[in-house]
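Heads up: the structure comes next, in structure tokens.
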Amino acid sequence: MKYSIALLKGDGIGPEIVDSAVEVLKKVGAKYGHEFEFTPYLIGGCAIDATGEPLPEETVKGCLASDSVLLGAVGGPKWDNLPGGKRPEKALLGIRSALGLFTNLRPAKLYPALKNASPLRADIVAGGFELMIVRELTGGIYFGERGRREGKYGPEAFDTEAYSRMEIERIGRVAFETAMKRNRKLVSIDKANVLETSRLWREIMHEMSKEYSEVEYSDMLVDNAAMQLVRNPGQFDVIVTSNMFGDILSDEASQITGSIGMLASASLGSTKRGMYEPIHGSAPDIAGQNKANPIATVLSAAMMLRYSFDLKEEADCIEKAVDAVLEKGFRTADLLGTSGGNALSCTEMTEKILENI
Ligand code: NAD
């Protein structure tokens, strides 16, 4: 099969880590008989430098014409003082909205070989954990009406949260289907004891749970969920939640794995085209030094194969190669922490992954 992939390398370590993922995709393609065609487009700071815009029209058109999109990261100190609408990060909201990506999938897995990197106590992570957060990405309070006004106590600011039945049902569908493909356990996280949007959210999730009787479904309040994630993360399989709760909880979940350079993500819409990216930023402090950990981007490429192209075996092959490399003790500098040892460069780590494919 032939697949076209738009490459948005972006800024900082973006080009280094995307190049690694491209090498891995080429090797998997050669092994399984697929052809991946890569076309680079500008996004973020490098796009501002070249065109004056963080998200040029050509980039949007190119992504829309591709089967899928692989993104590195955007931003850096050079562009930090630009006004909000002109900043590199603005391009992320723009491209998500242009591609209609309403779901964010963030797996958080504790690799057995990296247990020591977790900030949680050894007895809590002894059994490991591998959870998936399904976050609603284009609705809720981040997109609601906001402003400043005169209030009861003088000038005030306000933000509003609104969720429609349609938006809740479509993210619910993704969550239940995701649970069906995993361990069939889904927890919906809300604040139904206070928020009306959460009460509608919970009502609809309950209705949908009747359609998915094989999925063990439960609700949890967000304050409890924040606590349960650090108390016993192994209890979770799939979590579904709103935009803001998902933003906060997915950062918490990634942190307890202990390794920002390891975590992948997928943003999906109603078509097969998705956008895949590591959860970390452009790491300007190590950019251009061949020190970045490419694994989060390599695993994002594996998610692309799994979710956009239905190439399960090929995705498994990449994930197993990463597991094998870690089990053999190979580490980039970020994974060594204070424990010392020899750090592999970004290209050396890529070579190790390629050897295991
Ligand atoms: P960051 O994730 O870029 O870096 C935080 C720390 O983690 C740094 O010390 C960095 O060296 C390290 N790190 C991150 N990824 C790594 C990797 N793959 N290998 C090894 N070490 C890694 O976060 P930040 O420093 O807060 O932000 C830097 C820039 O990235 C900012 O301009 C920010 O706006 C942007 N950003 C972009 C995205 C995105 O493109 N999706 C996400 C977050 C931040």
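Using C-alpha pairs under 8 Å with a sequence gap of at least 6, the mean separation divided by the residue count of the range 199-302 gives a relative contact order of 20 percent.
Legend: ranking of residues LYS90, LYS272 from fewest to most surrounding C-beta atoms inside 10 Å; resulting order LYS272, LYS90.
Using R0 = 45 Å, the C-beta based FRET efficiency linking GLU57 and GLU130 works out to 0.70. Once the Cβ-Cβ distance of ARG165 and GLU348 is raised to the sixth power relative to R0 = 56 Å, the FRET efficiency obtained is 0.65. Label 7 Å along Cα→Cβ of GLU177; the range 123-152 residues with amide nitrogen under 20 Å? The answer is 132-139. Given their separation in residues at 0.36 nm each and the Cα-Cα distance between them, VAL194 and ALA226 gain 9.9 nm when the chain is fully extended.
Each of THR39 and LEU82 was given a label point 7 Å from its Cα along the Cα-to-Cβ line. The distance between the two points is 2.3 nm. Sequence-distant contacts, meaning Cα pairs under 8 Å at least 6 residues apart, place the relative contact order of the chain at 22 percent. If the segment from GLU313 to ASP251 were pulled out straight at 0.36 nm per residue, it would be longer than the present Cα-Cα gap by 19.4 nm. Going by neighbour counts of Cβ atoms within 10 Å, the residues VAL215, VAL18 line up, fewest first, as VAL215, VAL18. In this rough spin-label picture, where each label sits 7 Å from Cα along the Cβ direction, the LYS272-ARG149 distance is 4.7 nm.
Read the figures in this text as sums done on the coordinates, not as results from a lab. The structure presented is a predicted model; accordingly, all values stated were derived computationally and were not measured. With ideal geometry, Cβ positions are generated from the backbone for all residues, glycine too; neighbour counts draw on all protein chains shown.
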